[in-house]
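The values are calculated or read from the model by the stated rules, or taken from the named source; none is laboratory data. Remember, it's a predicted structure, so these values are computed and weren't measured experimentally. Positions of Cβ are backbone-derived with ideal geometry, glycine not excepted, and every protein chain shown enters the neighbour counts. Note: accessible area is taken over every heavy atom of the protein model, side chains too, but ligands, DNA and RNA are not part of it. Shrake-Rupley method; radii C 1.70, N 1.55, O 1.52, S 1.80 Å.
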Amino acid sequence: MTKLVIANFKMNGSKDFIESWIQDFFLEQESANDVVVALPSPYLIIFNDRGLTLSGQNVSNEESGAFTSQLSAQMLKDCGAKYCLIGHSEARQFLKEKNEVIKQKFDQLIQESIKPILCIGEPLQIKEAAKTIDYLSEQLDLIDSDEEDVIVAYEPIWSIGTGLMPEIEDIQMAVDSIRSKFHKTVKVLYGGSVNSSNAQSITDKTDIDGLLVGGASLNPKEFGKIAQLC
Ligand code: PEP
């Protein structure tokens with residue numbers, strides 16, 4: 001089945017970098033999977049209409065108004081974003097985002113027909129205390145269990161950018177527990193130190209619907225390989 005493979009550039013790149021990334025990516029790209037690129041916001045508008053499906057990396061929980069520094073869902077839509085990450089652990093950590101606000105972001109995106117990609121995942125101490133499933137369940141409580149076409153990215157915080165990966169069985173257990181929270185269709189992605197050496201094994205050995213790729217996505221050839229392999 002077609003997988004959803006998302007590149008998360010985080011706060012990396014420049015206009016020139018992304019220009020050459022796009023050229024190299026399309027040289028290599030033969031994937032039948034759905035590829036999405038979460039660019040830093042200013043580049044969405046610049047690289048709209050270049051054949052990429054674009055995602056925002058965050059959105060305001062407010063519709064409009066006196067919220068200096070924030071971007072509304074409508075603005076993201078105007079820039080061509082079809083998807084948007086919300087609840088990424090880096091936003092939870094550095095912007096102190098809490099579940100209630102993340103839920104409001106989810107609703108703002110739905111209102112503008114942008115697909116939210118809700119990122120969830122446990123810190124190391126929760127994993128070590130064998131409380132991952134409860135922790136994920138609590139993070140998902142914000143979404144109505146009757147919501148349709150939900151996309152959840154399971155990203156263990158201790159795995160992001162560290163080269164550490166959960167056991168395959170632990171990924172599958174998390175996927176099952178996420179699916180069990182919803183009555184309707186839900187796509188579950190895995191993110192955390194994905195590269196071209198482990199992508200295929202993650203997608204072959206679990207019934208995951210796709211991958212969210214941070215660091216490795218900055219290399220267009222590596223990301224192209226991941227998109228092809230999974
Ligand atoms: C991420 O931050 O969404 C991520 C998956 O990062 P990395 O692939 O670098 O672990």
Worksheet item: more than 16 Å from the ligand (Cβ to nearest atom), modelled with pLDDT of 95 or more and surrounded by fewer than 21 Cβ atoms within 10 Å (Cβ to Cβ): does that describe S196?
Response: no
Discussion item. Could you tell me how many of the residues in segment 122-159 are polar (S, T, N, Q), within 16 Å of the ligand (Cβ to nearest atom) and over 18 Å from L109 (Cβ atoms)?
Written reply: 1
Worksheet item: In this structure, is A130 without any contact (Cβ under 8 Å) to a residue 12 or more places away in the chain and either of a type in the set (G, A, S) or open to solvent by less than 70 Å² (accessible area, probe 1.4 Å) (or both)?
Response: yes
Fill in: helices (runs of 4 or more DSSP H) lying entirely in segment 137-230 (those with 3 or more residues that are of a type outside the set (A, V, I, L, M, F, W, C) and closer than 18 Å to C119 by Cβ)
168-179
Practice prompt. Return yes or no: is M1 closer than 30 Å to K205 by Cβ and open to solvent by 80 Å² or more (accessible area, probe 1.4 Å)?
Written response: yes
